[in-house]
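Right, one structure below, let's go through it.
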Amino acid sequence: MNDPYFPWVLPAAFFLDLLIGDPVGLPHPIRWMGRWITSWENMFRNGIFSETTAGSLLVISLVSGTWLICAAALIAARAVHPGFALALHVVLIYYALSVKSLRFEALKVYAAMKQKELDEARQQLSKLVGRDVESLDEAGMVRATVETVAENLVDGVIAPLFYAALGGGPLAMAYKMINTLDSMIGHKNERYKRFGWFAARLDDAANFIPARISAIVISLAAPLIKRSSMGTIKTAIRDGRKHLSPNAGIPEAAFAGALGIRLGGPNYYGGHLIEKPYIGKETHPVQMEDIRTATTLMVVSAFIWLIVCWVFLIA
């Protein structure tokens, strides 16, 4: 980015996210993306192309369209006043981040468990994870919460800042469209295994580098919360590839190593048991406090990565 003020956009967006989080009740581009995907899916499905081609064209159209809309909006804002463009740039990157909301939602589960309101904890957890939560015991809920905090550190912090540093707000928002497409159509069920194939593969590609960066960042953050940096990185290297996803297992393994707990294992999804390998070695049984520790590790990791990206921009 040629704007001399651009390096300050990242910390401004980051601290705006820490201050107000997800603006419930206000317009949010991610919700707009969801509506676009839903409405455009039917249009592309009813075309002349095969499911795989139609799904791929949908992804290409929405991702490139997102980038173009954001880039055009910044050009138009700059034509009005440079300060207006700067503010819009901050808002675009802010919308791509989710540090506060991720911590807030995870701690809702913790608070309900602390009050022994396990049904409420399961209800809160169901908003964060795709697995069936009805039969999860306390340990299962803790593992699920820690896993989603670890995975969403990449989706909601590492990757958005990575792409924002490379290409500003437009590229960060294009990444969020990729992420949203994967969450909505990148499934392996009968409806989406062909139509959503490209969405899932593109999300894997977009997260490949950020997921691996996350292991390093988490290992740097671990000593700051009195956890082992070496144990974190060793577990990430040893167990990061055990996950069914090529990327999600890396931050999960890093968190498992830092917290000294075992994550993963078999879980039910839509009533079907999915066998997954365990990640990490259990140096102590999982406990409620591991949720709080995981959120702290996530926030510290986010700060470290922000500093790295900022130094990259000003260097």
Subset of the range 234-251 (residues that are under 15 Å from V146 (Cα atoms) and out of contact with any Gly (no Cβ under 7 Å at 6 or more places or on another chain)): A248, P251
Unmet requirement for M43, which otherwise passes all of (1) over 21 Å from the mean Cα position of the chain (by Cα); (2) buried (at least 20 other Cβ atoms within 10 Å of the Cβ): (2)
Any chance I37 is crowded, with 16+ Cβ neighbours inside 10 Å and either closer than 28 Å to A294 by Cβ or not basic (K, R) (or both): yes
Residues located in the range 244-269, provided they are of a type in the set (S, T, Y) and modelled with pLDDT of 95 or more: none
Within the range 197-315, helices (runs of 4 or more DSSP H) holding 2 or more residues that are within 18 Å of the chain's Cα centre (by Cα) and closer than 30 Å to T52 by Cβ: 197-221, 249-259
Options A150, A159, A112, A165: the member that is over 19 Å from P251 (Cα atoms) and either among the aromatic types (F, W, Y) or touching a Phe, Trp or Tyr at 6+ places or on another chain (Cβ under 8 Å) (or both): A165
Neighbours by Cβ (under 8 Å, 6+ apart or cross-chain): first from the range 26-46, under 24 Å from H89 (Cβ atoms) and in contact (Cβ under 8 Å) with a residue 12 or more places away in the chain; second crowded, with 16+ Cβ neighbours inside 10 Å and among the aromatic types (F, W, Y): H28/Y95; P29/Y95; I30/Y95
Lone unmet requirement of (1) crowded, with 18+ Cβ neighbours inside 10 Å; (2) not in a loop (DSSP other than H, G, I, E, B) for Y192: (2)
Residue within the range 116-127 that is among the small types (G, A, S) and either touching a strand residue (DSSP E or B) at 6+ places or on another chain (Cβ under 6 Å) or farther than 14 Å from V146 by Cα (or both) present: no
The range 77-93 residues that are within 25 Å of K176 (Cα to Cα), paired with ones that are of a type in the set (D, E) and buried (at least 17 other Cβ atoms within 10 Å of the Cβ) (beta carbon under 9 Å, 6 or more apart): I93/D17
Selection within the range 34-52 - over 16 Å from K188 (Cα atoms) and hydroxyl-bearing (S, T, Y): T38, S39, S50
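The values are calculated or read from the model by the stated rules, or taken from the named source; none is laboratory data. As the structure is a prediction and not an experimental result, all values here were calculated from the model. Ideal geometry is used to build each Cβ from the backbone, glycine not excepted, and the neighbour counts take in all protein chains shown.
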